[in-house]
Structure formats: C-alpha cells, structure tokens
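Worksheet: the structure to be examined is printed underneath.
The values are calculated or read from the model by the stated rules, or taken from the named source; none is laboratory data. The shown structure was predicted, so the numbers you read here are calculated from the model rather than taken from an experiment. Cβ atoms come from the backbone with ideal geometry, glycine included; neighbour counts cover every protein chain shown. Side chains included, ligands, DNA and RNA excluded: accessible areas come from the protein's heavy atoms. Shrake-Rupley method; radii C 1.70, N 1.55, O 1.52, S 1.80 Å.
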Amino acid sequence: DAGITQSPRHKVTETGTPVTLRCHQTENHRYMYWYRQDPGHGLRLIHYSYGVKDTDKGEVSDGYSVSRSKTEDFLLTLESATSSQTSVYFCAISGGQGNEKLFFGSGTQLSVL
Amino acid sequence: GIQVEQSPPDLILQEGANSTLRCNFSDSVNNLQWFHQNPWGQLINLFYIPSGTKQNGRLSATTVATERYSLLYISSSQTTDSGVYFCAHTANNNDMRFGAGTRLTVKP
C-alpha cells in the first residue's frame, strides 16, 4: 500500500469555524491531490499540487485553500466551514510523468453542523 | 470539460458470474485508470491502462483510446468484488476526472 496518511479521520465542526485537513505521504511523489466525494457527484477535484509551493485549482475549489511547504505534506483548509462542505475528503498522490498511477488515502469524514 | 460516462450505473450478479463495465469519454483519453471502492470506502487502484489490455487475476481491462472507451472485465465474481468501480482520466493539466461509478453487488 502507498504510504498516505490523512488526519483526522473524522471531524465534526460548527459552521463558520476554520478547519485544516492534513495529508502526509512517504512515497516522495511529486503530485498530491484533494478530492471530495458526495452522493450523486462522485469524486471531484478540489485542488492539486505539482511540487512544493506549486498548486492549482480543481473543479470545486471555491471555499478551500491549500498549502504545500514540504514534498510530503499537503494541507487543505476550509477558512470558514459551511454545511455544504460536509463530505468525505480524500487525498491522493501520483509520481507524475511516466508514473501517473494514482493512490488514495483512507479519507476524512467531515461534518459541518 | 471532458465528460466521463460509466455504464451500467448499477449491476447485481450472482457469485461466479462474469461482468463487463464500460467507460466512455467525450475527448481524447489520457492516463486512464480504474479504481475499486470497497464497502468501507477505501479506494484501490486496479489498473493504469492508457491503451491496450492488462490482466490481474480475475480482472482485466482494455482501453481503445482511438474510440474513446475502456472496459473492465470481472470474471468468476466473488462477494468481495462488491463495491463501486470508477474509471478516471487525466486532462492535460493533471486534473483527473472521475466517472460517476458502477455500483456492483455480488450475491452469494
């Protein structure tokens, strides 16, 4: 199994509070991704990173920010959580060109009340 | 954006049966991959198959990039094959888009 750790695994928070989810990898892969999974919408890309301090927006980036200060860590921040951000969040990694196979972490269940 | 369509949306099989899942794309296919999400939510990469055919045990996959589709074959299905199967494909900017999935239920 790819070495990907997401934390926390579960979180319940209140509307308007900031939330940070962490993804840590031990594979030294260049690319890291944050997806959210919702019933009826499948997996949708929020943001991704193609290197330290290099990030780009995905399909559903509004209300989210990311940071990558080290190769192994990719943080997803909800500055002011809303109920519409209740979801399961998955981190994924890939090696990039020539090594595009995508591996997922175990997910974080986030509930915003 | 590139559309990814999966069929069928739901499939119920008796243990031991074979099945074929399909993924169609609206544009050129890049870095096509198949995933299985088990009932506990874990996502496992089954195949990285931008073109051609690969086999892994009872599972095999074929991608015909020129015709913009990919097929996942499951032979002699087992109850542990249950879950949701996703295909996904990368746009030029590394934005990997997923289909809506096929939910497979294998009954004993």
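Along the axis of the charge dipole computed for the stretch B:39-108 (Cβ charges of +1 for Lys and Arg, -1 for Asp and Glu, origin at the Cα centre), the listed residues B:Thr62, B:Pro39, B:Thr79 are led at the positive end by B:Thr79. The 3J(HN,Hα) values that the Karplus relation (6.51, -1.76, 1.60; θ = phi - 60°) gives for the stretch B:25-42 are, in residue order, 10, 8, 9, 4, 8, 10, 6, 5, 9, 10, 10, 10, 9, 6, x, 8, x, 6 Hz. Gly and Pro appear as x. The A-B contact accounts for roughly 1500 square angstrom of buried accessible surface, both chains included, probe 1.4 angstrom.
Buried on complex formation within the stretch B:16-58 (loss of at least 10 square angstrom of accessible surface versus the isolated chain, 1.4 Å probe, ligands and nucleic acids ignored): B:Asn31, B:Gln33, B:Phe35, B:Gln37, B:Gly41, B:Gln42, B:Leu43, B:Asn45, B:Tyr48.
Between amide H atoms placed 1.01 Å from N, distances below 5 Å from A:Ser106 occur with A:Gln6, all of them 5 or more places distant or on a separate chain. The overall shape of the protein assembly as shown is prolate: from the C-alpha gyration tensor, with semi-axes ordered a ≥ b ≥ c, the ratio a/c is 1.5 or greater and a/b exceeds b/c. For a straight C-alpha distance cut-off of 19 angstrom, the aspartates and glutamates reachable from A:Lys70 (same-chain residues fewer than eight places away being disregarded) are A:Glu27, A:Asp54, A:Asp56.
Once you charge only the Cβ atoms, +1 for Lys and Arg and -1 for Asp and Glu, what is the size of the charge dipole of the stretch B:4-107 about its Cα centre, to the nearest 20 debye? Show your work: numbers first, answer last.
Details: 7 positive and 7 negative charges, 30 e Å.
My answer is approximately 140 debye.
Per-residue Karplus couplings for the stretch A:7-21, computed as 6.51 cos²θ - 1.76 cosθ + 1.60 with θ equal to phi - 60°, are listed in order as 9, x, 7, 9, 8, 10, 9, 9, 3, x, 8, x, 9, 10, 10 Hz, Gly and Pro entered as x. Amide H contacts of A:Lys101: A:Gly95, each under 5 Å away and 5 or more positions distant or on a separate chain (H built 1.01 Å from N in the peptide plane; Pro and chain starts excluded).
Simple rule: put +1 on each Lys or Arg Cβ and -1 on each Asp or Glu Cβ in the stretch A:4-112, find the dipole, and look at A:Ile46, A:Val60, A:Gly107; the Cα lying farthest toward the positive end is A:Gly107. Computed from phi, the 3J(HN,Hα) profile of the stretch A:79-86 under the Karplus parametrisation 6.51, -1.76, 1.60 (θ = phi - 60°) reads 5, 8, 4, 10, 4, 5, 9, 5 Hz, with x in place of Gly and Pro.
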